[in-house]
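To start, the structure under review is shown below, and the notes come after it.
The values are calculated or read from the model by the stated rules, or taken from the named source; none is laboratory data. Note that this is a predicted model, so its numbers are computed, not measured. Please note: Cβ atoms are built from the backbone with ideal geometry, for glycine as well, and neighbour counts cover all protein chains shown.
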Amino acid sequence: MREFGRRMNNSGSEHVTWFVWRYQSKVLETPLLPRQGSMFFLDCGRGPFAVTARHVFEKFVEDRRLRRIRSCQIGNIGINPEDRLIASGRNLGLHIATFRVTPEEIAATGKKIVQGTNGAWPPPPNPDEAVFFGGFPGCERGAIGPDEMVFGLYSAMPRLTSYTEHQLCCQFAREDWIDVRGVGLPQVGYDLGGISGGPMLEPVFIDGAWGWRLAGVISEAVSVEGFERVTTVRGHFILPDGQLRLW
């Protein structure tokens, strides 16, 4: 079970990357400060696009308005997300934002594309079924040079505990956790800030092999003593061209 869990976590992790930018004051020569979220690529049959949480994108927009943005990257690819925006869910009350990217840019990140659907989305996983989620917490980011950073991934396969037409929730049960990578389990209160925008994926077994189906986009992660939960916005609001729609 431990080896299977490790392989599934590694497989799911191939579908999530970091979205990071650096900023400084417009009026003072302050040090460059990084800010980040997570992102993934989705193809629903009409070409791939990038997806993150809406509040991550809005924080970038705020920093660009109030501060000086010095760089912005998806993985190692420079990008201006405002120029690439397909849709933001603000007017729909959806914490999702989508962006144009090219297949060449995706290939350069080294990440795999999540396969969506060009028709009706399948129903969500059932409560108590395992799902994967992953993202890049800011607390795992480290500087290794003046213009170099490294990022640490947080991933898990908890049980889905509840869902609505709008969202999916995983409330952690630490008594069920298994250290599949042998590096120790996160402490209570581990700061999950930065994983927003990463995917929640449902494992599917097709033609003798395990794969993944998009379940949702991480919109909130809470980790405090006595309460740990990840919440996602359901993927069925995303249309094949990257636009968003309420059902």
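Counting only residues that are part of a loop (DSSP other than H, G, I, E, B) and more than 11 Å from the chain's Cα centre (by Cα), region 173-222 holds 20 of them. Scanning region 62-83 for residues that are surrounded by 14 or more Cβ atoms within 10 Å (Cβ to Cβ) and either more than 26 Å from Pro103 (Cα to Cα) or more than 18 Å from the chain's Cα centre (by Cα) (or both) turns up Asp63, Arg64, Arg67, Arg68, Ile69.
Only one entry in Gly235, Gly211 is within 20 Å of Pro125 (Cα to Cα), modelled with pLDDT under 95 and not polar (S, T, N, Q), namely Gly211. Counting only residues that are surrounded by 13 or more Cβ atoms within 10 Å (Cβ to Cβ) and either assigned to a loop (DSSP other than H, G, I, E, B) or hydrophobic (A, V, I, L, M, F, W, C) (or both), region 163-172 holds 5 of them. One residue stands out among those in region 24-68 that are among the basic types (Lys, Arg) and out of contact with any Asp or Glu (no Cβ under 8 Å at 6 or more places or on another chain): the one that is nearest to Gly135 (Cα to Cα), which is Arg54. Here the condition is being surrounded by fewer than 13 Cβ atoms within 10 Å (Cβ to Cβ) and at positive phi; of Gly182, Gly142, it holds for Gly182 alone. Number of residues in region 92-133 that are farther than 19 Å from Gly216 by Cα, polar (S, T, N, Q) and surrounded by fewer than 18 Cβ atoms within 10 Å (Cβ to Cβ): the value is 1.
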